[in-house]
Amino acid sequence: PIIRMLILTVLAYQPQTSLLVDLCGDGILESGFRKDPVAEELVEFGRTSVGMRSSVTAEVLLRQVVDPNLAINALIGLINRADKLVHMSTYNYELFKNLVRFSNLQLLFPEKDKGRASMRVYETIKHLPHCNRSPLFWLQYAIAALVAKDFDRAKAYFENAYSFAADLYEYDSYQIDNHYARFLLERALSLHDSDSAMAVFRESRALLFPQLVGERRHY
């Protein structure tokens, strides 16, 4: 429960006690938990709320003290619980999305364990109801594989993302396009094949150019 609370704190979530109990278990309300010396030091027990005392401390503990395997298991447990609560509110849905977002997972693990941890989390949760046919979930998995330089797996996961996006009415795949263009370029760089470089560049540009025409953003 403490590690799950650390994760929520690092991701800037302080859910109401009722939701916190759903996510972390009702043991956090028991007197034994409140009297635990670690809990006493890290957790602030209010009359109507329970929360970590410091977000900075939470991040340091997760990245420098907690066993990454314990953090992985705690995160998987959180995601499983959040998946069951998605239908209850927009807040719960946003929480679930943020728990599986690759950029957020990078905040939870030591630098040397980020790739392995992310891949293990995604492989474990890919069959959950709100993951298995979600374009955004498969995009996160593809990004993790891309960061790990596993280009074959990344390609397969990008294909899944596009396939499930095509099943949704008027789905705008610009997020998938952005990262797929990056995938094409990084894979080309890794192959050191200068003969195909311009073709890859043009394919990537074709994915991104419609956004450049329709929007005026910084980049």
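Under a crude label model (7 Å from the Cα following the beta-carbon direction), how far is Glu170 from Asp36 in nanometres?
Between Glu170 and Asp36, the label points sit 4.9 nm apart.
Using a Gaussian network model of the chain whose springs link C-alpha atoms within less than 10 Å, name the residue from Ala166, Ala71, Ala117 with the highest mean-square fluctuation.
Taking springs between Cα atoms under 10 Å, the residue moving most is Ala166.
Rounded to the nearest 0.05, what FRET efficiency is calculated for Glu59 and Val21 with R0 set to 25 Å and r the Cβ-Cβ distance?
0.60
What helices in the chain pass both tests, a Cα length along the helix axis of 20 Å or more and a mean Kyte hydropathy of 0.0 or higher, using whole DSSP H runs?
68-85, 197-214
Before rounding to the nearest 500, sum -39500 (n - 2.57) across all DSSP H runs of length at least 4 in the chain and divide by the residue total; then give [θ] at 222 nm in deg cm²/dmol.
-20000 deg cm²/dmol
When only Cα pairs under 8 Å and 6 or more residues apart are kept, what is the percent relative contact order across the chain? Could the numbers behind the result be given before it?
Numbers: 217 pairs, mean separation 29.9, N = 219.
Relative contact order comes out at 14 percent.
Run the quick spin-label model on Tyr93 and Ser163: label points 7 Å from Cα toward the beta carbon, then report their separation in nm to one decimal.
So the two model labels end up 2.5 nm from each other.
What whole-number value in Å² describes the accessible area per residue of the chain for a 1.4 Å probe?
Numbers: 12450 Å² over 219 residues.
Counting only protein heavy atoms, the per-residue value for the chain is 57 Å².
With a 1.4 Å probe and every protein chain kept in, tell me what percent of the accessible surface of the chain is carbon plus sulfur.
Accessible surface attributable to carbon and sulfur in the chain totals 54 percent.
Exactly which GluC sites (Glu not before Pro) in the stretch 137-219 are in a DSSP loop and have at most 13 other Cβ atoms within 10 Å?
Details: sites: Glu159, Glu170, Glu186, Glu203, Glu215; in loops: Glu170, Glu215.
Loop-located and lightly packed - Glu170, Glu215.
Using the C-alpha gyration tensor of the stretch 10-153, what are the square roots of 5 times its eigenvalues, in whole angstrom, with the largest one first?
Ellipsoid half-lengths, sorted descending, are 28, 19, 11 Å.
The values are calculated or read from the model by the stated rules, or taken from the named source; none is laboratory data. Predicted model, so just to flag it, every value in this text is computed and none were measured. Glycine also receives a Cβ, built like all others from the backbone with ideal geometry; neighbour counts cover every protein chain displayed. Ligands, DNA and RNA are stripped out before the accessible areas are found, and what is left, the full protein with its side chains, is counted by its heavy atoms. Shrake-Rupley method; radii C 1.70, N 1.55, O 1.52, S 1.80 Å.
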